[in-house]
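Report on the following structure.
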Amino acid sequence: MRVLPLLVLAFVAVACVGGDEDSDEPLEPAEASAQLDELVDDIDWFDEPVTRSASIPPPTGANLANTLPPIDEFPIVVQSRGADEVVEVWSSTEKSGEGTDGWMTEAAAAFNDAGLTLADGSTAGVDLRSIASGTGYQFIARGQELPQGFTPSNELWTEMSAEFQTITPISEQTVPNVAGIVMKDETAEQLTADYGELSAANLVDAVIAGDLVMGYTDPFASSTGLNFLVTVLDTIAGGDESQVTSPDVTSVFEQFQRQVPFVALTTLQMRDSVENDTGTLDAFVMEWQTYTNTDSLDSGFQFIPFGVRHDNPLVGVGDISAQDHEVLELFGDFVAGQEWQERAAEVGFDPAPYTSTIEVPSGSTLIEEQNVWKDKKDGGRPVSTVFVVDVSGSMEGTRIQAVRDAMLSAREFIKPATSVGVVEFNDTAIKRLDLGEFDLNQQGRYSAIAEDLSPGGGTAMYDGIVLGLSMLDQQRQTDPDVKPILVVLTDGQTTDGLSFDDVDDVIEGLRIPVYTVGFEADLEELGRLSSLVEAASIDASEQDVEFKIAALFNAGG
């Protein structure tokens, strides 16, 4: 692995070639469309349009915080036992998991075992909760559940948190990390040949011209994605924070975003998709520590740092007591010690020296930048979305209720100009709602379908997918500029109808992303399905599916 000089703009170049060297070339779109028509003719499906319209409550605003699951959905991975003064610290997931992602998990356990004491002689302890940086920020902004300490991947989240709660700096760096571009050697060589220096201005121009196909992680959830967004806007604005959300800058950003497909919700999900992909990614955003621990990236790739550093700061949250502050300082000093910094290097927190290339904006500016992204993320293209919903017998009970709630919650995050349709499937596929603009009438029909979901029968998932893809393909033939999205909600393996091998070539050829949300499903197969066209596969529980679908639509359409 080789580290290149600083690049101020992170980008992802996504090739449109799948499979390995021995596989056939992907189908051309026209050929894939013809094969899709044949599949639709072969499957057992029928048209059962919804016949009623549900009442639509007044909008409450598309706020992710309103859909947050119980905080207990995010586990306490280390718990203090018997300490006199205990603080709860929320830690980003790349350091509070297991194995190479478990550096702070190990450090917190050792801290609790050390029996350190405060000035008054009382013992100190830490409860460590593993939670993604963006999700932790959402909880802090809502203000109903607060930790005493918060250590996200970078300081962008603490700046935003300070807009809602008192934030007390404890440690600027608990462990070093940087965000960067992981790029295939041949891609870097080609870009250099075509554009010369890989400068921010050259790359923005190349993307707008359609010479690069972009992708990056959701800036509402991912630290790397938020860093990317801030870097791009800062580049377009020429480093002038006062201009990053101006009409001139957002207009250029909309042109830029027009070339950008959604890839993943978080950096860790990006890593998983890279390790399981079919060879379609030429480059992708990732943190150094994740990159260095991904075996499939050992050779043939280059890492290009960008944006602000990811130094995992530790801050106090809210009106913490003097004792809480002292415990947090003890913890910050403990993990900064030689033993734990050496351990950090062993698990990949050892980036080459790098100085941030942009100034950290204020929290209010960061929130405005997120809102710019939310408004411009589709690049001015019309969006068409089909929900493909599992109503097989295994969805009976609380699962189907969770899907109802999730679909109704998603309604708040779907723009009225988006076209929405619905397909249900059990042992057959059923078209319930033709694609139509998501005005109040369409929202009423969509909501009625969600309310009336009735499970029973087998699972012909790929039949439902084929029917939904056909709806989107027909829409795209009418309007070639449309951005199509398929969202599959399912809880189990396919038992009837078509299989993955029957449809994978068609999906790749159509270039329609298939987002999957699985309830205790065959997540490996769903991951393969979503990775065909760089979509996301989401592992959901009954408790958090509402939040995850809201986050998906907040990011993807």
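The values are calculated or read from the model by the stated rules, or taken from the named source; none is laboratory data. No experiment lies behind these values; they were computed from the predicted model shown. Reconstructed Cβ throughout: ideal geometry from the backbone, glycine too, with neighbour counts over all protein chains shown. The protein model used for the area step is the full one, side chains on, heavy atoms only, and it has no ligands, DNA or RNA in it. Shrake-Rupley method; radii C 1.70, N 1.55, O 1.52, S 1.80 Å.
Each row is one residue, and each column tells you yes or no for (1) part of a strand (DSSP E or B); (2) open to solvent by less than 10 Å² (accessible area, probe 1.4 Å); (3) more than 11 Å from Pro455 (Cα to Cα).
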{"site": "Ile400", "(1), (2), (3)": "no, yes, no"}
{"site": "Val403", "(1), (2), (3)": "no, yes, yes"}
{"site": "Leu408", "(1), (2), (3)": "no, no, yes"}
{"site": "Lys415", "(1), (2), (3)": "no, no, yes"}
{"site": "Lys431", "(1), (2), (3)": "yes, no, yes"}
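Among the residues of segment 14-34, is any part of a strand (DSSP E or B) and modelled with pLDDT under 95? Checked segment 14-34: at least one residue is part of a strand (DSSP E or B) and modelled with pLDDT under 95. Screening segment 353-370 for residues that are modelled with pLDDT under 95 and touching a Ser or Thr at 6+ places or on another chain (Cβ under 8 Å) and picking the one that is most open to solvent (accessible area, probe 1.4 Å) gives Thr357. Filtered by the rule that a residue be open to solvent by 60 Å² or more (accessible area, probe 1.4 Å) and either over 15 Å from Asp37 (Cα atoms) or under 23 Å from the mean Cα position of the chain (by Cα) (or both), segment 480-522 gives Pro480, Gln493, Thr495, Gly497, Asp501, Arg511, Glu520. Looking at segment 281-374, the strands (runs of 3 or more DSSP E) lying wholly inside it that each contain 2 or more residues that are within 28 Å of Ala237 (Cβ to Cβ) and in contact (Cβ under 8 Å) with a residue 40 or more places away in the chain sit at 283-287, 301-309. Restricted to segment 79-109, and to residues that are open to solvent by less than 10 Å² (accessible area, probe 1.4 Å) and not in a loop (DSSP other than H, G, I, E, B), which residue is nearest to Thr292 (Cα to Cα)? Only one residue tops the list, namely Trp103. Look at segment 24-42: where a residue is touching a residue at least 40 places away in the same chain (Cβ under 8 Å) and a partner is polar (S, T, N, Q), sitting 6+ places away or on another chain with Cβ atoms under 6 Å, you get Leu36/Ser470; Val40/Ser470. The number of residues in segment 67-78 being open to solvent by 20 Å² or more (accessible area, probe 1.4 Å) and either free of Cβ contacts under 8 Å to residues at least 40 places away in the same chain or among the hydroxyl-bearing types (Ser, Thr, Tyr) (or both) comes to 1. Filtering Thr158, Thr168, Thr135 for residues that are touching a strand residue (DSSP E or B) at 6+ places or on another chain (Cβ under 8 Å) and assigned to a helix (DSSP H, G or I) leaves a single hit, Thr158.
Of the residues Ser394, Ser419, the single one that is open to solvent by 40 Å² or more (accessible area, probe 1.4 Å), small (Gly, Ala, Ser) and out of contact with any Phe, Trp or Tyr (no Cβ under 6 Å at 6 or more places or on another chain) is Ser394.
Of all residues in segment 331-363, those satisfying the criterion of being more than 19 Å from Glu287 (Cα to Cα) and in contact with a strand residue (DSSP E or B) (Cβ under 6 Å, 6 or more places away or on another chain) are Phe331, Gly332. Restricting attention to segment 540-551, does a residue exist that is over 19 Å from Ala410 (Cβ atoms) and surrounded by fewer than 23 Cβ atoms within 10 Å (Cβ to Cβ)? Checking segment 540-551: not a single residue is over 19 Å from Ala410 (Cβ atoms) and surrounded by fewer than 23 Cβ atoms within 10 Å (Cβ to Cβ). Just wondering, is there one or more residues in segment 376-385 that are small (Gly, Ala, Ser), in contact (Cβ under 8 Å) with a residue 12 or more places away in the chain and surrounded by fewer than 21 Cβ atoms within 10 Å (Cβ to Cβ)? Checked against the condition, which is being small (Gly, Ala, Ser), in contact (Cβ under 8 Å) with a residue 12 or more places away in the chain and surrounded by fewer than 21 Cβ atoms within 10 Å (Cβ to Cβ), segment 376-385 yields at least one hit. The residues in segment 147-201 that are open to solvent by less than 20 Å² (accessible area, probe 1.4 Å) and either among the hydrophobic types (A, V, I, L, M, F, W, C) or at pLDDT below 95 (or both) can be counted, and the count is 15. The residue list Ser470, Ser454 contains one member that is in contact with a helix residue (DSSP H, G or I) (Cβ under 9 Å, 6 or more places away or on another chain) and not in a loop (DSSP other than H, G, I, E, B), which is Ser470.
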